[in-house]
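Below you'll find the structure, written out as structure tokens, and then a few comments.
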Amino acid sequence: MTVEPSNHRVTIGLPVYNGDNFLRDAIVSILSQTYEDFELIISDNASTDGTEAICREYENLDNRVRYIRQDQNRGAAPNYNFVFEQARGEYFKWAAHDDVVHPSFLERAVEALDTHPHVALVYSKVREIDEHGAVTGTYDAYEDRLRLSTPEPHVRFGDMICVPHNCVGFFGLMRTSQLARTNLHAPYEGADRTLLAEMALMGPIYRIPEYLIDRRDHPGAYTRSRHLGDRIGWWDVERVGKVTFPAWRSAIEYHHTIQRVPLSTEERVLCHLQFGRWLFGPHWYRQRWVRLVRDLGYGAVRMLQRTVAHRAKVPLS
């Protein structure tokens, strides 16, 4: 599909599937930004609820909205990547259908990227809200520990992959040209963390010291409604039921990321040492080798179950 050029500096990509419960609030919050030079691309993964009607309503109300309906549900990861592939702005931001963006977020984020050309990503302090919109907490306890504004790539990379956090920076504002050099959102559990680690290698990450995004936690949220072993099907419907090894995939991708991003020899070595920190953390329950072993065991059980089920269907000769 050919993407026509746009005169908007910012593209906001909103992938959605059956999101009519909170979608209207998300769209209104985006269209209410004080910075108005943006386009909003909504990609609907063939929703079966009222999502399409809501999207078409706002497409008719505001010419900055471009609505695209997929002919089938391809999974979340292909949909996230699709909205980026349609992006025509200098800067890009993903938006979640159940989050709320405060009016000044884009204005503050664009100003930061314009002022600091070395910065790769800008996000803000984030609050947590429930299904009714009531504030239930913040993510400061995690995000305050991240040293993402330092000029040293290995420090940013190491903290992004080793320090526990909720990947709220994924919904920040990025330079489209830099994001295009990544693998975007790959179809596996934890790919958002891998992408953030790569962005951290590309340049410092700036956090606006104000609460400008509300992240909604509700019973239907991805992390609460899907078992760890079944999440791959949510990210990519073509991999439903297949045996996957998400912990190993993360390890491989971190290694490839270090090799892919242009770095000095010294920084590359230091990044590999940070990868070692990821493998062998200070507490045994955070050491990734434990998860790697568990990943192999879980995968082996799944493969055995599939083999037994397959043989049970094959008649004896």
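Out of A26, A53, A77, A46, report the one residue that is assigned by TED's automatic domain parsing to the domain that holds A134 and at pLDDT below 95.
A77
For V122, state whether it is in the same structural domain as N18 (by TED's automatic domain parsing), in contact with a Lys or Arg (Cβ under 7 Å, 6 or more places away or on another chain) and buried (at least 19 other Cβ atoms within 10 Å of the Cβ). Full working, then the answer.
Numbers: in the same structural domain as N18 (by TED's automatic domain parsing): yes; in contact with a Lys or Arg (Cβ under 7 Å, 6 or more places away or on another chain): no; buried (at least 19 other Cβ atoms within 10 Å of the Cβ): yes.
When the stated conditions are applied, V122 does not pass them.
Does at least one position in the stretch 190-198 carry a residue that is over 18 Å from the mean Cα position of the chain (by Cα) and modelled with pLDDT under 95?
no
Going by the structure shown, is I42 among the β-branched types (V, I, T), touching a Phe, Trp or Tyr at 6+ places or on another chain (Cβ under 6 Å) and either closer than 20 Å to F170 by Cβ or crowded, with 18+ Cβ neighbours inside 10 Å (or both)?
Numbers: among the β-branched types (V, I, T): yes; touching a Phe, Trp or Tyr at 6+ places or on another chain (Cβ under 6 Å): yes; either closer than 20 Å to F170 by Cβ or crowded, with 18+ Cβ neighbours inside 10 Å (or both): yes.
Answer is yes for this residue.
Being at pLDDT 95 or above and touching a helix residue (DSSP H, G or I) at 6+ places or on another chain (Cβ under 8 Å) is the filter here, so list the residues in the stretch 162-175 that pass it.
To start, the set of residues in the stretch 162-175 that are at pLDDT 95 or above comprises 167-175.
Across the stretch 162-175, the qualifying residues are C167, V168, G169, F170, G172, L173, M174, R175.
Could you identify the single residue in G203, G229, G233, G241 that is modelled with pLDDT under 70 and buried (at least 16 other Cβ atoms within 10 Å of the Cβ)? Walk me through it before giving the result.
Working: G203 fails: modelled with pLDDT under 70; G229 fails: buried (at least 16 other Cβ atoms within 10 Å of the Cβ); G241 fails: buried (at least 16 other Cβ atoms within 10 Å of the Cβ).
Result: G233 is the single residue among G203, G229, G233, G241 that is modelled with pLDDT under 70 and buried (at least 16 other Cβ atoms within 10 Å of the Cβ).
The values are calculated or read from the model by the stated rules, or taken from the named source; none is laboratory data. Just so you know, these numbers come straight off a predicted model, no measurement behind them. Glycine also receives a Cβ, built like all others from the backbone with ideal geometry; neighbour counts cover every protein chain displayed.
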